[in-house]
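Visitor: Quick one: the structure is below, questions incoming.
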Ligand SMILES: Nc1ncnc2c1ncn2[C@@H]1O[C@H](COP(=O)(O)OP(=O)(O)O)[C@@H](O)[C@H]1O
Ligand SMILES: [Mg+2]
């Protein structure tokens, strides 16, 4: 029932049935009117003659011979049945087939005495009424003329003439009518078939093909395209659909290309990471041995004059050990000890630690902390390490001194910490690579500070983002989850 084809079929059949019914009704009405007119034409003179004959016989031979007179006239005019009735429709005199009277005029006439009264009021009128199959009954009030007045006191007619005529003798239109209707029916059936064919060819078939295309596309065959039908509206839909598929295909190709590029990079980095981890392990042991050897050498009296050289060598080995340790940290999965952390305390401890070094380089460190900050989900040591890395990076980018602004605030239900410097900044090329392990622009850099920081923040469900402009500075923003997940009433107090 919900199928378009079924609905169109039902609507078409209903429309055809309604139009057929209408045509039939109109045809029948016209036919009836035509037959009535023919009957009137033919029987008007007959009625007149009857009236005249009745007056004559009334005048010269009395009522006794009425039945005979009626019979004679009926025979001449081919009337099936003829009668004189009283005002109630009761038969007074009759001739012809009386059974016709019983089945046609009798009961119907008597149930409608109003009709007789109406006819009495208009003596010229002849009323016609269908009476069973192919029969018409004519009724007329007998008009009283001057000669009647001698016997009938009243001027009002007291008798009615009733005649039943067979319409087949009057009109042979019926047969023609039936043939016409049959033809009409056939024509309508043909129209229906043609309409159905067009609907099927122009609407249903293209729709079926369209659905089949959608099904094929749904299975993943994106190269499939919908056939464009001739009907304008459907063609527009097909065009839009095909356009959408073109766009989708392009987007899918782009995503696939990007995906395979990133996968290749990830794989390469994973391999490099593994190699680096094992090489670093080896390196750490070797550098550890060199550091031990240096310690022994320092104790030898003959090398005391070379203290400066030994100090330098120790510094180098310590840096090498640091780098190795950092690299090993990075290659290990980060498993933080999560807990509620006061981010402001953490910031202040890192500032306290790095303060003297910054002052020496002419760098001012400003803390702008929101006092009523909720506790954040983090690992205290890792968060300190992250902040240390970020502030060190900022300091390294500010050879001529400047200001580092470290701030905390609550934003959109997250604890935000940002480290902003007005140092060198970085260009697009550098900015895109800073989170790649081992990417560094510094001579003594490891290229691991930012990747480690990002990894640590993400391990506690946070995120780290970086914005930078060459010559203007860099801002790194960390967003951490609130612990527990509720937002306290804030007093927007800030300390500088
Ligand atoms: N605040 C900053 N200002 C300018 N450049 C920065 C900043 N932080 C990081 N960078 C750039 O990102 C690179 C990678 O940083 P990082 O991962 O910490 O490694 P490293 O500090 O060992 O070089 C740096 O070499 C530097 O070029
Ligand atoms: Mg760094």
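Visitor: For the list (1) touching a residue at least 24 places away in the same chain (Cβ under 8 Å); (2) away from ligand 1 (no atom under 16 Å from the Cβ); (3) in the same structural domain as residue 424 (by TED's automatic domain parsing), I need the number of the one condition that residue 317 fails.
Guide: So the condition that residue 317 fails would be (3).
Visitor: Hey, another quick one. Out of the residues in the range 388-407 that are in contact with a helix residue (DSSP H, G or I) (Cβ under 7 Å, 6 or more places away or on another chain) and away from ligand 2 (no atom under 12 Å from the Cβ), state the one that is nearest to residue 337 (Cα to Cα).
Guide: Of everything passing the filter in the range 388-407, 406 is nearest to residue 337 (Cα to Cα).
Visitor: When you scan the range 386-401, do you find a residue that is assigned to a helix (DSSP H, G or I), assigned by TED's automatic domain parsing to the domain that holds residue 448 and free of Cβ contacts under 8 Å to residues at least 40 places away in the same chain, even just one?
Guide: For the range 386-401, residues assigned to a helix (DSSP H, G or I), assigned by TED's automatic domain parsing to the domain that holds residue 448 and free of Cβ contacts under 8 Å to residues at least 40 places away in the same chain: present.
Visitor: Within the range 418-443, track down each residue that is out of contact with any helix residue (DSSP H, G or I) (no Cβ under 7 Å at 6 or more places or on another chain) and within 12 Å of ligand 2 (Cβ to nearest atom).
Guide: 438, 440
Conditions tested, residue by residue: (1) loosely packed, with under 13 Cβ neighbours inside 10 Å; (2) away from ligand 2 (no atom under 15 Å from the Cβ); (3) at pLDDT below 90.
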residue: 450; (1), (2), (3): no, no, no
residue: 454; (1), (2), (3): no, no, no
residue: 465; (1), (2), (3): yes, yes, no
residue: 476; (1), (2), (3): no, no, no
residue: 479; (1), (2), (3): no, yes, no
residue: 483; (1), (2), (3): no, yes, yes
residue: 489; (1), (2), (3): yes, yes, yes
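Visitor: Name every residue in the range 427-438 that is within 6 Å of ligand 1 (Cβ to nearest atom) and part of a loop (DSSP other than H, G, I, E, B), in order of residue number. Quick ask: steps written out before the conclusion?
Guide: Initially, the range 427-438 is screened for residues within 6 Å of ligand 1 (Cβ to nearest atom), giving 430, 434.
Selection gives 434 alone.
Visitor: Quick one: in the range 150-196, of everything that is under 60 Å from the mean Cα position of the chain (by Cα) and modelled with pLDDT under 70, which residue is farthest from residue 130 (Cα to Cα)?
Guide: Result: 176.
Visitor: Condition (residue is free of Cβ contacts under 8 Å to residues at least 60 places away in the same chain and either within 50 Å of the chain's Cα centre (by Cα) or closer than 25 Å to residue 445 by Cβ (or both)) applied to the range 369-381: is it met by at least one residue? Can you show your working first?
Guide: Residues of the range 369-381 free of Cβ contacts under 8 Å to residues at least 60 places away in the same chain: 373, 380-381.
Cutting the leftovers down to either within 50 Å of the chain's Cα centre (by Cα) or closer than 25 Å to residue 445 by Cβ (or both) gives us 373, 381.
Yes; the residues of the range 369-381 include at least one that is free of Cβ contacts under 8 Å to residues at least 60 places away in the same chain and either within 50 Å of the chain's Cα centre (by Cα) or closer than 25 Å to residue 445 by Cβ (or both).
Visitor: Out of the range 402-413, which residues are more than 12 Å from ligand 1 (Cβ to nearest atom) and either crowded, with 20+ Cβ neighbours inside 10 Å or not assigned by TED's automatic domain parsing to the domain that holds residue 461 (or both)?
Guide: Hits for the range 402-413 are 406, 408.
The rows are residues; the columns are (1) in contact with a helix residue (DSSP H, G or I) (Cβ under 9 Å, 6 or more places away or on another chain); (2) free of Cβ contacts under 8 Å to residues at least 12 places away in the same chain; (3) surrounded by 13 or more Cβ atoms within 10 Å (Cβ to Cβ); (4) not in a helix (DSSP H, G or I).
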| position | (1), (2), (3), (4) |
| --- | --- |
| 211 | no, yes, no, no |
| 216 | no, yes, yes, no |
| 222 | yes, no, yes, yes |
| 230 | yes, no, no, yes |
| 233 | no, yes, no, no |
| 237 | yes, no, yes, no |
| 240 | no, yes, no, no |
| 243 | no, yes, no, no |
| 247 | no, yes, no, no |
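Visitor: Then there is this: Restricting to the range 439-483, what's the tally of residues that are part of a strand (DSSP E or B) and either closer than 17 Å to residue 395 by Cβ or within 8 Å of ligand 1 (Cβ to nearest atom) (or both)?
Guide: Restricting attention to the range 439-483, the residues satisfying the condition of being part of a strand (DSSP E or B) are 463-469, 473-482.
Among the residues that remain, those that are also either closer than 17 Å to residue 395 by Cβ or within 8 Å of ligand 1 (Cβ to nearest atom) (or both) are: 466, 468, 473-476.
Qualifying residue count, the range 439-483: 6.
Visitor: Oh, and also: Against the condition loosely packed, with under 15 Cβ neighbours inside 10 Å, touching a residue at least 24 places away in the same chain (Cβ under 8 Å), assigned to a helix (DSSP H, G or I) and not assigned by TED's automatic domain parsing to the domain that holds residue 25, how does residue 204 come out, does it pass? Before you say what the answer is, go through the steps one by one.
Guide: Working: loosely packed, with under 15 Cβ neighbours inside 10 Å: no; touching a residue at least 24 places away in the same chain (Cβ under 8 Å): yes; assigned to a helix (DSSP H, G or I): yes; not assigned by TED's automatic domain parsing to the domain that holds residue 25: yes.
No; evaluated as a whole, the condition is false for this residue.
Visitor: Something else now. If you check residue 40 against the conditions, is it at pLDDT 80 or above and more than 23 Å from residue 166 (Cα to Cα)? Break it down into steps so the answer makes sense when it comes.
Guide: Working: at pLDDT 80 or above: yes; more than 23 Å from residue 166 (Cα to Cα): no.
In short, no.
Visitor: Counting only residues that are buried (at least 17 other Cβ atoms within 10 Å of the Cβ) and in contact with a strand residue (DSSP E or B) (Cβ under 9 Å, 6 or more places away or on another chain), give me the strands (runs of 3 or more DSSP E) lying completely in the range 273-380 with at least 2 of them.
Guide: Details: elements: 339-341, 363-370, 376-378.
The qualifying strands (runs of 3 or more DSSP E) are 363-370, 376-378.
The values are calculated or read from the model by the stated rules, or taken from the named source; none is laboratory data. Bear in mind the structure is a predicted one, so any value in this text is a computation, not a measurement. Here the Cβ is made from the backbone with ideal geometry for all residues, glycine too, and neighbour counts use every protein chain on show.
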